[in-house]
Ligand SMILES: Cc1ncc(C[n+]2csc(CCOP(=O)(O)OP(=O)(O)O)c2C)c(N)n1
Ligand SMILES: [Mg+2]
């Protein structure tokens, strides 16, 4: 099962490598990873998606908590939450395809952020599944490049991951 | 405020962290630090002959005392040599601080001479690690390192110190922090009272209970509480390899070690148990055999200070996160104050059953191997003789192999911290430096290294450091002319095809070797002289003695789990299985 885990991490040199190292060392998967400092510059917030049964996820959470630099860990997928991913996508856009792609972008509420003579750069955000669906919807169009930020997320309501 | 250089600060901070002995080996990047050591006399530095051994000795010092061990190595090869030692400590959760020197910061990343990414290379083998970037940060980092190493589930911490940070010309104010606080690290100090209550209720209702206690009881200084609880309940106790001595080996309630080479009665009792109280143990694969067949009818209570140990390999019914001593004391308190009774008749029957198992196949009720005769000395008899001659009161450090298992089975440890072995990593070469660490901790005690002719050659160079630092350890080589444990597996699983476990007449003359280092060597190949020669050996109080004892080449360690299988599936001898 896919899980979204959020980690509050001391913003120390090497702290990210401890988290990433833990996953490879213990044979856990990381499907996506995003990390950046928070409003408190001594802390980073890291969000990762992984897969595993309850036992595996329990171990992952415990092992993460055991890292000295980890301040807090939550499994966002345990509760109602909001998750977003941003994608930039360069696509060949010429001839009839140009209008077709534009329509598709509108339907997915994306934006065309760069227009070249034969290319578009599209920006689109949402849940990962929506991003996947957009790529699917482009059909025959020639995708030149895709870059995705990885997922980030927050819990709904008043609950928050804070120290 | 006093102004000191980084090198001086480092050494002062180690002293202020209560380090008495620092095990190490110098080199270029560590020169400023070594100069600081030279100019003081509080901290005793012990020059070893290899960084691996320096770390093992510091580790064993910690095991023998409960204090934090400390080692110092130079950058590059010094740091890489230390890794085996650090990993050994990590796997057994030993409190240890290792200082590694590093090339100057402006050179980091340039593949400078003797540069190695120590932070990266040690990462999977440490509880935590730091690189110090400014002399102002040294004292606080050292204080944090010792705090982390020694609290919660203990473990090794590496502090990497670039050379420029210890520059003698850069002096800054020194202050050792009185207290350390880390917002991201707060080890549990008490067990959950509701869980403890549930555990006590389950425990009192048990009809076939077993207390399964591990290295955490030794590390957590909970032996006293374990003994009190076990006595109050009159339940059988088994110890893991790492837990030996936490419950007295000669006690009636002790049913032996459990696991791969555990006793018949311990493994069988575990299999049939209805309630297991696991304390400071981690259900590792050398204990459980196949986890899906592990103790099918047992409800399991698991006490551990590290939540990630709980339900890692085996499902647990009542988890209790907390220090073993505090939780056990709380449990005992509840039982005593409410005067809760155990199921007397059921426990009586359980003991009858266990005694019957002991009589049937127990290694303490009768000899389960053909006895020694003439020039065929049995390794088991060497350990029994060692126990007799040292009155069961020695510190026994061990290497890895058959000799280790024989020592674990036959030297009945009555006190914690007496049995010092590499259980988790299984590091050959640990024994001799470990014995040195224990001897430094207890200068007047009898310290033995039980080893094989294979393992001893992995850190043999430390015989020189024994001379230099007057560490009169006694080295008992169970010489079976082979990498015996590997050979045993080749016998059992590979049709006795002895691939690279024999030395073809290349073994050194250990007597001459001992003498070359200025020590005493003895060769024993007759059983009749074993005890008298051993008496002689231990009478030489201030000498290092190597006893090269020829033992049966063909002996196997039994019982041995049949794998994959359940706890009760064991080979009892070469021909007999359960
Ligand atoms: C550093 C290291 N290398 C290899 C092994 C694998 N190993 C385990 S026991 C053993 C044989 C040990 O031989 P010896 O010290 O003579 O002990 P014996 O089993 O003969 O008593 C070996 C090679 C190990 N545990 N550690
Ligand atoms: Mg051998």
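What follows draws every value from the coordinates through simple rules; no lab data is involved. The structure presented is a predicted model; accordingly, all values stated were derived computationally and were not measured. All Cβ positions, glycine included, derive from the backbone under ideal geometry; neighbour counts span all protein chains shown.
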Modelled FRET efficiency - R0 41 Å, residue A:159 with residue B:467, Cβ distances, 0.05 increments: 0.05
Cα-projected label distance for residue B:285 with residue B:250, points at 7 Å along beta-carbon direction, nm: 3.8
Radius, Kirkwood style, for the range B:422-488 when every pair of distinct Cα atoms is counted (Å): 12.4
Additional length obtainable on full extension of the chain from residue A:127 to residue A:2, 0.36 nm per residue less Cα span: 43.7 nm
Convex hull of the protein assembly as shown built on C-alpha atoms - directionally averaged projected area, nm²: 39.0
Alpha carbon convex hull of the range B:423-559, volume per residue in cubic angstrom: 129
Label-point separation in nm, residue B:502 to residue B:367, each point 7 Å along Cα→Cβ: 2.7
For chain B, share of DSSP beta bridges that run antiparallel, in % to the nearest 5: 10
Whole-number percent relative contact order across chain B, with pairs defined as alpha carbons under 8 Å at least 6 apart: 14
Gain in span if fully extended, residue B:492 to residue B:228, counting 0.36 nm per residue against the direct Cα distance: 90.9 nm
Cα Rg over Rh - the range B:479-576, Kirkwood: 1.09
Residue order, fewest to most beta carbons within 10 Å, for B:326, A:147: A:147, B:326
Three-way shape label, the range A:26-98, alpha-carbon gyration tensor, a/c 1.5: prolate
Extension gain, residue B:117 back to residue B:528 (0.36 nm per residue minus Cα-Cα distance, nm): 142.5 nm
Amide N of the range B:248-279 lying under 12 Å from the label point, which is placed 7 angstrom from the Cα of residue B:352 along Cα→Cβ: none
Residue A:36/residue A:143 FRET efficiency (R0 25 Å; Cβ-Cβ; nearest 0.05): 0.40
Cα shape, the range B:329-401, gyration tensor, a/c 1.5 rule: oblate
Order of B:163, A:162, B:175 - criterion: other Cβ atoms within 10 Å of each residue's Cβ, fewest first: A:162, B:175, B:163
Alpha carbon centroid spacing (whole Å) that separates the range B:516-578 from the range B:242-297: 24
Sequence of A:114, A:140, A:69 once ranked by neighbouring C-beta atoms within 10 Å, starting from the fewest: A:140, A:114, A:69
Between the range B:83-120 and the range B:19-77, the alpha-carbon center distance in angstrom: 14
Set of the range B:514-539 residues, backbone N closer than 19 Å to the point 7 Å along the Cα-Cβ line of residue B:375: B:522-531, B:533
Beta bridges by DSSP in the protein assembly as shown, antiparallel share as percent, to the nearest 5: 45
Chain B: C-alpha gyration tensor shape, a/c 1.5 cut-off, then a/b vs b/c: oblate
Compactness of the range B:193-361 as Cα Rg over 2.2 N^0.38 Å, two decimals: 0.92
Projected label distance in nm at residue B:535 and residue A:75, using a 7 Å step from Cα toward the beta-carbon: 6.5
Share antiparallel - DSSP beta bridges, the range B:3-173, percent rounded to 5: 10
Cα-based helix-to-principal-axis angle, A:54-66 vs chain A, degrees rounded to 10: 70
Per-pair calculated FRET efficiency, R0 = 56 Å: residue B:178 and residue A:112 via Cβ, rounded to 0.05: 0.35
